[in-house]
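Scroll down for the structure; my scribbles are underneath it.
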Amino acid sequence: MLKIENLHAEVDGKKILNGLTLEVGAGEVHAIMGPNGAGKSTLAYTLGGRPGYEITEGSVTFDGEDLLDMEPHERAAAGLFLGFQYPVEIPGVSNVQFLREAANAQRKHRGEPELTGGEFLKLAKEKAALLRMDMDMLKRPVNVGFSGGEKKRNEMVQMGILDPKFAILDETDSGLDIDALRIVGDGINSIMRDAGKGVLLITHYQRLLDYVKPDKVHILAKGRIVKTGGPELALELEREGYEEVV
Amino acid sequence: MTDLATLPTTRDEDWRYADAAALEASDADTLTGWTEITVPAGESVAESRDVTGVERIRVRIGKGGRFELSAVNAAPGYARLECEVTLEDGAHFEFGGVTIGGGSETREFVTRCIHAEPNATSNQVVRAVHWGKAIGNFLGRIEVVRDAQKTDAGQNFRAILLEKGAAANTKPELEIFADDVKCAHGAAIGALDQMAGFYMAARGIPPEIARKLQVQAFIADAFENIEDEAVGERLLERALSVLEGAQL
Ligand SMILES: Nc1ncnc2c1ncn2[C@@H]1O[C@H](COP(=O)(O)OP(=O)(O)OP(=O)(O)O)[C@@H](O)[C@H]1O
Ligand SMILES: [Mg+2]
């Protein structure tokens with residue numbers, strides 16, 4: 001479903017991804033773990049098409065299409081969702097307005113009918129309830145004044161509303177309290193566990209993987225995948241640390 | 001006396017950022033005439049403008065009165081709205097203005113707010129959004145006379161330049177002769193938040209809609225305190241309509 005081959009990318013002239021190869025099939029969840037500064041967020045941003053992230057070599061196909069050839073908003077419309085490690089605040093734009101624009105822009109791009117105000121609110125209520133988020137928070141400006149955990153939960157409400165085919169979740173578990181972690185884990189399963197969907201979970205901790213069971217675990221270090229294994233690899237890492245395992 | 005003798009030039013303080021060529025081409029009556037407005041004590045008057053050309057408004061607000069001016073300056077040529085306000089005891093002046101547009105036009109607001117008696121308050125919020133080689137200006141002078149104690153005067157200007165080549169100028173001038181006075185002014189000039197733009201793109205929002213949402217949120221500040229919401233909304237729509245046609 002998502003096929004990354006020999007990806008090299010740099011930011012501000014600094015080489016960060018160095019020949020990264022990875023394939024996630026439909027119906028699969030893959031976890032990416034790796035030390036701080038390894039390039040995990042850079043991978044997420046590069047796949048999302050963030051300006052300034054320059055690809056110098058390699059290819060990425062998404063459902064057989066050249067992902068790198070698409071504009072960032074076209075990638076989203078094609079079904080790619082990026083959960084941010086640091087969700088961005090947008091003062092003066094409410095979550096509801098933002099998400100309705102987003103959902104309808106995607107639909108328009110795909111040639112589907114747009115949602116009416118009523119349809120959108122019904123969907124938003126349903127997904128907010130799934131993630132146990134208060135509807136009042138959806139009326140507030142995007143992420144402004146949200147706590148770290150609330151921002152992460154908001155990312156998942158957005159994912160629920162936009163219903164992507166493939167999600168790259170960058171440390172969605174960081175900053176969540178114990179109960180929130182379970183709610184978010186259940187949310188990811190209910191939104192993304194489907195034969196036609198895929199997930200790339202970037203995380204530092206085993207705990208999220210207790211809820212969202214990965215099919216494969218990869219270790220990313222120095223800009224490339226240095227080891228791949230099953231769920232047991234995450235447990236091994238938790239016991240022994242990167243220095244021992246890599 | 002010839003017209004030339006009375007025409008203001010950019011050497012005049014209040015016209016320092018004006019479009020010199022446009023001034024030369026204008027007639028003196030427009031540039032030096034005033035629209036006079038008197039707000040009776042305790043009453044409230046609101047004016048709203050879609051600025052074209054040059055207009056100068058002179059207002060006297062009676063005791064406890066309120067004058068509210070809201071304006072969008074999105075004119076296709078040099079355009080300036082000037083407002084001179086004299087506040088009596090306990091009066092309030094509220095100004096919300098937006099300059100927006102591209103081309104090579106200069107669009108400006110100039111205010112002179114005279115706190116002539118104690119306890120008067122004023123609040124001015126101006127937002128500028130420009131592209132191309134356009135220029136947006138806000139010159140706001142606040143004068144607080146001796147004995148105008150408990151004056152509370154606020155002024156806030158922020159500009160977003162969507163392209164290199166556009167510019168914004170501001171010059172707050174405070175002349176304060178009383179000691180128990182609150183005068184707050186702030187000014188900032190910047191660009192659109194790129195990370196917010198990417199965040200919106202990552203959710204599927206195309207760049208032109210993302211830009212519109214950001215600009216809308218930015219300029220809405222100017223009309224937040226305008227009492228008639230419908231007026232604020234109309235001005236907001238007018239301002240955004242200019243952005244829609246922009247080649248960026
Ligand atoms: N604009 C930039 N200019 C130079 N170096 C950068 C820039 N952005 C990121 N880097 C560097 O790239 C490397 C990878 O950063 P990245 O954020 O991808 O790491 P990460 O694996 O997500 O780490 P963490 O686990 O701490 O989130 C880091 O060394 C970082 O300092
Ligand atoms: Mg990171």
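A short reminder: the numbers here are calculations on the coordinates, not readings from a lab. Owing to the predicted nature of the structure, the values given are computational and were not obtained by experimental measurement. Because the Cβ atoms are built from the backbone with ideal geometry, glycine has one as well, and the counts that use them run over all protein chains shown.
Checked against (1) touching a residue at least 40 places away in the same chain (Cβ under 8 Å); (2) within 14 Å of chain B (Cβ to nearest Cβ); (3) of a type in the set (Asp, Glu), residue A:74 passes all but condition (1). Somewhere in the range A:232-244, is a residue within 16 Å of ligand 1 (Cβ to nearest atom), outside any helix (DSSP H, G or I), of a type in the set (Gly, Ala, Ser) and in contact with a helix residue (DSSP H, G or I) (Cβ under 8 Å, 6 or more places away or on another chain)? No, the range A:232-244 contains no residue that is within 16 Å of ligand 1 (Cβ to nearest atom), outside any helix (DSSP H, G or I), of a type in the set (Gly, Ala, Ser) and in contact with a helix residue (DSSP H, G or I) (Cβ under 8 Å, 6 or more places away or on another chain). In summary, residue A:157 fulfils each of the numbered conditions (1) outside any helix (DSSP H, G or I); (2) under 16 Å from residue B:203 (Cβ atoms) with the single exception of condition (1).
Matching residues to (1) more than 14 Å from chain A (Cβ to nearest Cβ); (2) buried (at least 18 other Cβ atoms within 10 Å of the Cβ); (3) under 19 Å from residue B:100 (Cβ atoms):
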| position | (1), (2), (3) |
| --- | --- |
| B:153 | yes, yes, no |
| B:164 | yes, no, yes |
| B:170 | yes, yes, yes |
| B:177 | yes, no, no |
| B:194 | no, no, no |
| B:208 | no, no, yes |
| B:212 | no, no, yes |
| B:219 | no, yes, yes |
| B:228 | yes, no, no |
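Whether any residue in the range A:71-83 is surrounded by 18 or more Cβ atoms within 10 Å (Cβ to Cβ), away from ligand 1 (no atom under 16 Å from the Cβ) and in a loop (DSSP other than H, G, I, E, B) is what I want to check. Yes: the range A:71-83 contains one or more residues that are surrounded by 18 or more Cβ atoms within 10 Å (Cβ to Cβ), away from ligand 1 (no atom under 16 Å from the Cβ) and in a loop (DSSP other than H, G, I, E, B). On the basis of being more than 10 Å from every other protein chain (Cβ to nearest Cβ) and on the phi > 0 side of the Ramachandran plot, does residue A:111 make the cut? When the stated conditions are applied, residue A:111 passes them. Here's a check for you: in the range A:39-70, which residue that is within 11 Å of ligand 2 (Cβ to nearest atom) and within 19 Å of residue A:13 (Cβ to Cβ) is surrounded by the most Cβ atoms within 10 Å (Cβ to Cβ)? Among those residues, the one meeting the criterion is A:43. For residue A:106, the requirement of being assigned to a helix (DSSP H, G or I), within 12 Å of another protein chain (Cβ to nearest Cβ), touching a helix residue (DSSP H, G or I) at 6+ places or on another chain (Cβ under 6 Å) and farther than 25 Å from residue A:217 by Cβ is met. For the range A:84-125, filtered to residues that are among the acidic types (Asp, Glu) and either surrounded by fewer than 15 Cβ atoms within 10 Å (Cβ to Cβ) or free of Cβ contacts under 8 Å to residues at least 12 places away in the same chain (or both), the residue that is farthest from residue A:43 (Cα to Cα) is A:119.
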